[in-house]
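So the structure is just underneath, and the comments pick up after that.
Every read-out reported here was derived from the displayed coordinates using simple, explicitly stated rules and does not represent laboratory data. Here the structure is a predicted model, which is why all the values come from computation and not from measurement. Here the Cβ positions follow ideal geometry from the backbone for every residue, glycine too, while neighbour counts run over all protein chains shown.
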Amino acid sequence: TSPLTIAIDGPAAAGKGTLAKRVAQHYLLPYLDTGLLYRAVGRQIALAGANPDDPEAAGRFARELDLSHLDDPTLRGHEAGELASRVAVHGPVREALVTFQRSFAARPEGAVLDGRDIGTVICPEARVKIFVTASAEVRARRRTDELVAHGRDDVDFDRILAEVRARDERDSGRNVAPLKPADDAHLLDTSQLDIDAAFRAACEVVDRAVVVLDQH
Ligand code: C5P
């Protein structure tokens, strides 16, 4: 049978990272958070004082990206996410990151990748595609609670909701690889689900796909 490649896409703060990590652990597969690649490019540009909105300059940084710094925890912060979504609109940036992502996905045992365009562009042949969504309000609420839990006292739900919506618009409205579910993706709306329920639903999708394919 073909390797178990699992593509998990969806908008910001839908919980795909947490879900993808648990799915990867459960099926003993390597996991790649592809958002970190765009975040790292954005960070490098900011550090160098270059312009994140210049496609050619941003493309150069993406081609020269040092992939050994992806575990820097500050990459997961809000600022890096904003920069990431600005550099992610550029064709040269996306092209520079394709090879690394595809070779990760082509590991013989399979892999779990999460992002925006995994099921549509990076791994259109993935055995399982899950598109994780939740309403903008639910995602903003989760992010607000998370920040409060981390001890932040300057958290404003309305501002976070506006940011979530702005990010959705930029990710869905761009010309190259916009955020959208692949035709054959399973939609998983987590608005009413906690992480355990979302994880069980995702495993059902994966198990069904594995059984169906093994019967052929
Ligand atoms: O998933 P995460 O929030 O870390 O992604 C940060 C930004 O990187 C997204 O808002 C999106 O613009 C971009 N991204 C992308 N394609 C991916 C992963 C992330 O365009 N596969």
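For the stretch 48-174, take every pair of Cα atoms, bin their distances at 5 Å starting from 0, and report each bin as a whole percent.
2, 9, 15, 19, 19, 17, 13, 5, 1, 0
If contacts are Cα pairs under 8 angstrom and at least 6 residues apart, what is the relative contact order of the stretch 135-216 in percent?
Computed over the stretch 135-216, the figure is 21 percent.
What does the helix-only formula give at 222 nm for the chain: each DSSP H stretch with n ≥ 4 adding -39500 (n - 2.57), the total divided by the residues, and the result rounded to the nearest 500 deg cm²/dmol?
Working: 8 runs with 110 residues, N = 216.
Theoretical 222 nm ellipticity from helices: -16500 deg cm²/dmol.
Given a cut-off of under 8 Å on Cα pairs at least six residues apart, what relative contact order in percent is computed for the chain? Before the final figure, lay out each step's value.
On the way: 335 pairs, mean separation 69.6, N = 216.
Across the chain, relative contact order equals 32 percent.
Go from 0 up to the bin containing the longest alpha carbon distance in the chain, width 5 Å each, and give me the % of pairs per bin.
The calculated distribution, bin by bin, is 1, 7, 15, 19, 20, 17, 12, 6, 2, 1, 0, 0.
Lys/Arg Cβ at +1, Asp/Glu Cβ at -1, dipole of the stretch 1-82 taken about the Cα centre: which of Leu47, Gly17, Phe61 is farthest positive-ward?
Value: Gly17.
Please report Phe199, Phe157, Phe61 as a ranked list, fewest other C-beta atoms within 10 angstrom at the top and most at the bottom.
Phe157, Phe199, Phe61
Which of the peptides 132-139, 44-51 is most tightly packed, and how do the rest follow, judged by the mean count of other Cβ atoms within 10 Å per residue?
132-139, 44-51
Taking the Cα centre of the chain as origin and charging only Cβ (+1 Lys, Arg; -1 Asp, Glu), how large is the dipole, in debye to the nearest 20?
Here the size comes out at about 240 debye.
Would you work out the charge dipole size for the stretch 90-216 about its Cα centre, treating the Cβ of every Lys and Arg as +1 and the Cβ of every Asp and Glu as -1, and quote it to the nearest 20 debye?
Roughly 360 debye for the stretch 90-216.
Name the helices (complete DSSP H segments) of the chain with a Cα length along the long axis of 30 Å or more and a Kyte-Doolittle mean of at least 1.6, or state none.
Helices meeting the span and hydropathy rule in the chain: none at all.
Considering the chain as a Gaussian network with a 10 Å cut-off on Cα pairs, which listed residue, Asp66, Asp168, Asp189, attains the greatest mean-square fluctuation?
Fluctuation is largest for Asp66.
Working out 0.36 nm times the residue gap between Asn51 and His69, then minus their Cα-Cα distance, what length gain in nm do you get to one decimal?
4.4 nm
Tell me which of Val206, Asn175, Leu193 sits at the most positive position along the dipole axis of the stretch 146-216, charges placed on C-beta atoms (Lys, Arg +1; Asp, Glu -1).
Asn175
Looking at the square roots a ≥ b ≥ c of the eigenvalues of the Cα gyration tensor of the stretch 111-216, which shape do they give, rounded for a/c under 1.5, prolate if a/b is larger than b/c, or oblate?
Oblate shape, in that a/c is at least 1.5 and b/c is the bigger or equal ratio.
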